[in-house]
Structures are given as C-alpha cells and as structure tokens.
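First comes the structure, then the notes that go with it.
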Amino acid sequence: MPGAKQNQQKRQESGNVKVEIVHGDAIHSMWKKHSKDRQKSEVAISYHAASGQLMWCSKQQMGEQAKMWRDLKRKGKIEILEGNCVAHEDKCGRMWNLLVVQPTNLEEAPIDKVALMEFGFAVSGYTYFFKSVENRDEIRRFVMEI
C-alpha cells in the first residue's frame, strides 16, 4: 500500500489536484511593501494570481474593469455579494475596504491568498482592497446595477 507521499505524487502527476504552498510571512512581506506604494490616482490593490504580484489600479482602470464585470454579471457569470463588502484591518493596523468578485460557479473561484493570509478573511473569488469605502461601494453599485 503506498504511503502519503506516493499518493500526493500520484495526484500531482494525474493533474487532479493543484498543490500550492503559500507562506504567510511571504504574503505579509509582499503586502507590506506594495500596499505602501500607492500613487494618488490609484484606488485599489489586488493580487494578480498569474504574476504572483500585488497590483494597484487607478480609478480609470477600475472603471474599465467594472464595465467588464457588469457585462459578466448580466450574463450570470459573477456576483459581488454585499456580505463580502467588508472592512478589515491588515497586520500593520491599517483599515481596508474589501470588494470580492466571485464567479457564480465557485469551482472556478480560487481562495484569495492575500485576503486569507493578511486579513484572516477566507473567501473564494478575487478581492480588491480599497482605502475608500465610497470608491468600493460605487464600483459595487455600478456592477450590480443597484
């Protein structure tokens, strides 16, 4: 009978399980560095999974993104639930206003690493961290057509 190590290797080889190790200290270090690097025109920061980096978005970029999200919402592909629009304090003691864009098929939604490791907020989807609650709520109202 194979041991745990052999079973894990078989799963990885078969492609059924994606194994990714996330280290909380690395996430915190990345967050601490990038969250302070905000330019005046930037309104939200988010983790870009493909590059493995945090990225700031300007108000213009968020507006373009919101138009795309609204189209996806109309097609029933995403949701921005009110219960996921919360304020949380990061490990440095700064308050952030979170907005989570979730695919309606939660199997397509990853767990947001930064939300989990930096804020202790476990959520499936893509989290955007805003300094301004007004900017966050404006995006949600536009996308959800409220």
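Quick notes on this one:
- The set of residues from region 40-58 being over 14 Å from the mean Cα position of the chain (by Cα) and not in a strand (DSSP E or B) comprises 40, 41.
- Matching residues, region 71-99, being in a loop (DSSP other than H, G, I, E, B) and of a type outside the set (A, V, I, L, M, F, W, C): 75, 76, 77, 90, 91, 93, 94
- A single entry from 61, 102 fulfils the requirement of being more than 20 Å from residue 30 (Cα to Cα) and in a strand (DSSP E or B): 102.
- The residue of region 43-65 that is nearest to residue 113 (Cα to Cα), among those that are among the aliphatic types (A, V, I, L, M) and surrounded by fewer than 18 Cβ atoms within 10 Å (Cβ to Cβ), is 49.
- Index of the failed condition, residue 21 passing every other in (1) loosely packed, with under 11 Cβ neighbours inside 10 Å; (2) over 18 Å from residue 115 (Cα atoms); (3) modelled with pLDDT under 85: (2)
- Some residue of region 45-54 being in contact with a strand residue (DSSP E or B) (Cβ under 7 Å, 6 or more places away or on another chain) and without any contact (Cβ under 8 Å) to a residue 24 or more places away in the chain: yes
- In region 105-114, the residues that are touching a residue at least 60 places away in the same chain (Cβ under 8 Å) and either closer than 13 Å to residue 28 by Cα or charged (D, E, K, R) (or both): 112, 113, 114
- Given (1) at pLDDT 95 or above; (2) part of a strand (DSSP E or B), number of the condition residue 142 does not satisfy: (2)
- In region 103-125, the residues that are surrounded by fewer than 21 Cβ atoms within 10 Å (Cβ to Cβ) and within 9 Å of the chain's Cα centre (by Cα): 110, 111, 113, 123, 124
- Residue in region 93-109 that is charged (D, E, K, R) and closer than 26 Å to residue 37 by Cα present: yes
The values are calculated or read from the model by the stated rules, or taken from the named source; none is laboratory data. Please read all numbers here as calculations on a predicted model, not as lab measurements. Positions of Cβ are generated from backbone atoms using ideal geometry, with glycine treated the same way; all protein chains shown enter the neighbour counts.
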